[in-house]
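The structure appears below as structure tokens.
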Amino acid sequence: MDSSGSAVAELRAALHRIWGYADFRPLQREAIEAVLERRDSVVVMPTGGGKSLCFQAPALVDATPVSTPVSGRRGFALVVSPLISLMKDQVDGLRVDGVDAAYLNSSLDSSERDAVMASLREDRCRLLYVSPERLVGEGSQGFRRFLQQCGPRFIAVDEAHCISQWGHDFRPEYRQLGRLRQDFPGVSLHAFTATAGERVRRDIVQELRLENPLILVGSFDRPNLTYRVLRRGILHAQLKQVLARHDDEAGIIYCSSRREVEALAEWLVGEGHRAVPYHAGLADEVRARHQDDFFDERVDVVVATVAFGMGIDRSNVRFVVHAGAPRSLEHYQQESGRAGRDGLPAECVLIYSGSDFLRWRQMLEANGELTEGARTLLRDMERYASSTRCRHRSLVEYFGETWARSECGACDWCLRELDAIADATTVARKILSCVARVKQSWGIGHVTDVLLGKTSEKVVTTGHHELSTFGLLKHESSHAVRGFIEQLVAEGHLLRDGEPYPVLRLSTAGTALLKGDGECVLYREATPPSSRTRGRTRAAVGQLADPELFERLREVRLRIARERGVPPYVIFHDTTLREMAERRPATLNDLHGIYGVGIRKAESFGDEFLDAIRTFRRQ
Ligand code: ADP
Ligand code: ZN
């Protein structure tokens, strides 16, 4: 097939027929053409950018027989993917779309495995997903020979950054993929990743032995995501504010320790949320159940440790909260990027404190991983968190793009949720002075009380109500004062340490500031629980022409998903149901015109949705 206009037209038609999409997303066409032309490629696209389609479409559209080694075969696309859950997800999705796809990994029993092998032998399989262990692990030579005989059309390596030690997710078994080039001569290799770094990209090219690859790097901006950063205050209160914007919507909360994961999940359940914990300490079957519950929408919120949260995914995740800073912006990008993969508005909230970075340094040091590189990554993360400029801009520039717009309209800074207070240095001096007056031996709660002028029992018994700093900030709220103190800790003016209760002390910089040397900036988080901030995500996601019809359609979707044993979003995304509720199609043909409704889906269960719409209309 050449890459002329007709091939593109044919692709576009297939896109509509099979998936129900109107057009390509940026770079998809180029990436697909590279595959069709058998030219090696590296495709870097953000999470949710639509990488899977780049290897799925050519596997289905290209009907020219494969050249090696048995003639006349249609062959198959070989997809290497590290995650069992994502493999299953994609294969389920393809099957619902009427595509012959299969996967091979450790989750299959021997009869299932035999069935897949037979479908390959008989040339019935169009896409085969395999784990790297299975493909290039120990004793896999025979398997590769078998595959070679079945006629691989091309090889796609998903999550290709795992091959690089510079990536944030290095997996040793990925290194072995280098042998694919010699074991599958003449088969083009296509690497896909959401990690943009130049060095990682070079590593991928080198390790996979790509020849003159086409390199495609997409834009990393995710305009549908609203980014917010909060200094950690009272975590439960902060989470409540986020959750209030997302009634019954899917979300992920990342924590840094198992203990915190457990505690938060329990608290959420107590608050009436459908939440589960997810971390490496859970028994396999419990973890698998929690993951399934999330996939199948029986659960809304997963509280996970970052190290283990990679398999937690769902296209309609409406919020991702980090209760603690990750160790790099690459991690942050990847983890927060799980929000809004369906393209609808979603929110990413980073709740951090200065001590997160200290903890990371200690932990990396203990593991002998505190390299110069790791330090730089941490500093960049810290800069993002404490910076006071557009978050979209910061992220995009960090990943090497230029930012052309002035404001994004979708971050705490551009939404004016962070107000720099006018007399910050004066306020800071009042606080520092109070810390000095209480002899640098009290914690944040007590210092706050003194500044607020509270005559608590402790304040009175210590005689601190007689200090000159008593009540100096009495016009402020306690959250605000705490916030200021935490900012001073984060900026290094105050130290907060000590056992068993951390106490506040002045640092050298703090002492200097107190003496009149230097200036500082303090921000007030202007995030009321509802109102303005609720606006953005809610307005767009919640503005349904007919919430009731949407709910009915969701029920239909759930029923079909249960019958077929797949997660609901494999049937249709929320985006599709919303459009259905709005346009209320009456015929199968109308239905096929809706985003995400491929011909096969329309035929297999379109009628059930049409019925629901009809019934709703009559009422
Ligand atoms: P990635 O692997 O890059 O994170 P996916 O391949 O999972 O992203 O795609 C993200 C979402 O975008 C999926 O829900 C997919 O159905 C949708 N999608 C992909 N390509 C298109 C397209 N051309 N038009 C509309 N939606 C698309
Ligand atoms: Zn912005």
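Here are some notes:
- Within region 306-317, one or more residues are assigned to a strand (DSSP E or B) and not assigned by TED's automatic domain parsing to the domain that holds ILE485.
- For region 483-500, the candidate set comprises residues that are part of a helix (DSSP H, G or I) and in contact with a helix residue (DSSP H, G or I) (Cβ under 7 Å, 6 or more places away or on another chain); within that set, the residue that is nearest to SER353 (Cα to Cα) is ALA490.
- Residue in region 418-433 that is in contact with a helix residue (DSSP H, G or I) (Cβ under 8 Å, 6 or more places away or on another chain), within 16 Å of ligand 1 (Cβ to nearest atom) and modelled with pLDDT of 90 or more present: no
- Residue in region 372-379 that is over 29 Å from GLY483 (Cα atoms) and more than 12 Å from the chain's Cα centre (by Cα) present: yes
- One residue alone among LYS439, LYS458 is among the charged types (D, E, K, R) and at positive phi, and that residue is LYS439.
- Among residues of region 276-305 being assigned to a loop (DSSP other than H, G, I, E, B) and among the small types (Gly, Ala, Ser), the one that is surrounded by the fewest Cβ atoms within 10 Å (Cβ to Cβ) is ALA283.
- Qualifying residue in region 317-332 (condition: in contact with a Leu (Cβ under 6 Å, 6 or more places away or on another chain) and more than 22 Å from ARG222 (Cα to Cα)): no
- Residue count for region 247-283, restricted to those that are more than 17 Å from the chain's Cα centre (by Cα), of a type outside the set (Phe, Trp, Tyr) and more than 28 Å from LEU364 (Cα to Cα): 12.
- Scanning region 571-588 for residues that are of a type outside the set (A, V, I, L, M) and either free of Cβ contacts under 8 Å to residues at least 12 places away in the same chain or within 16 Å of ligand 1 (Cβ to nearest atom) (or both) yields a total of 8.
- On the stretch given as region 583-619, residues that are surrounded by 14 or more Cβ atoms within 10 Å (Cβ to Cβ) and out of contact with any helix residue (DSSP H, G or I) (no Cβ under 6 Å at 6 or more places or on another chain) total 8.
- Per-region count, region 357-378, residues in a helix (DSSP H, G or I), in contact with a helix residue (DSSP H, G or I) (Cβ under 8 Å, 6 or more places away or on another chain) and not aromatic (Phe, Trp, Tyr): 6
- Only listed residue being surrounded by fewer than 16 Cβ atoms within 10 Å (Cβ to Cβ) and acidic (Asp, Glu), chosen from GLU397, GLU401, GLU382: GLU397
- Qualifying residue in region 347-356 (condition: in a loop (DSSP other than H, G, I, E, B), touching a residue at least 12 places away in the same chain (Cβ under 8 Å) and away from ligand 1 (no atom under 16 Å from the Cβ)): yes
- Residue match in region 381-399 (condition: more than 30 Å from GLU466 (Cβ to Cβ), small (Gly, Ala, Ser) and within 14 Å of ligand 2 (Cβ to nearest atom)): yes
- Given (1) over 14 Å from the mean Cα position of the chain (by Cα); (2) within 16 Å of ligand 1 (Cβ to nearest atom), index of the condition ALA339 fails: (1)
- Among (1) touching a helix residue (DSSP H, G or I) at 6+ places or on another chain (Cβ under 9 Å); (2) surrounded by 20 or more Cβ atoms within 10 Å (Cβ to Cβ); (3) modelled with pLDDT under 95; (4) among the β-branched types (Val, Ile, Thr), the one test that THR455 misses: (2)
The values are calculated or read from the model by the stated rules, or taken from the named source; none is laboratory data. A quick note: this is a predicted structure, and the numbers were derived from the prediction, not measured. As a convention, Cβ positions derive from the backbone with ideal geometry for all residues, glycine included, and neighbour counts pool all protein chains shown.
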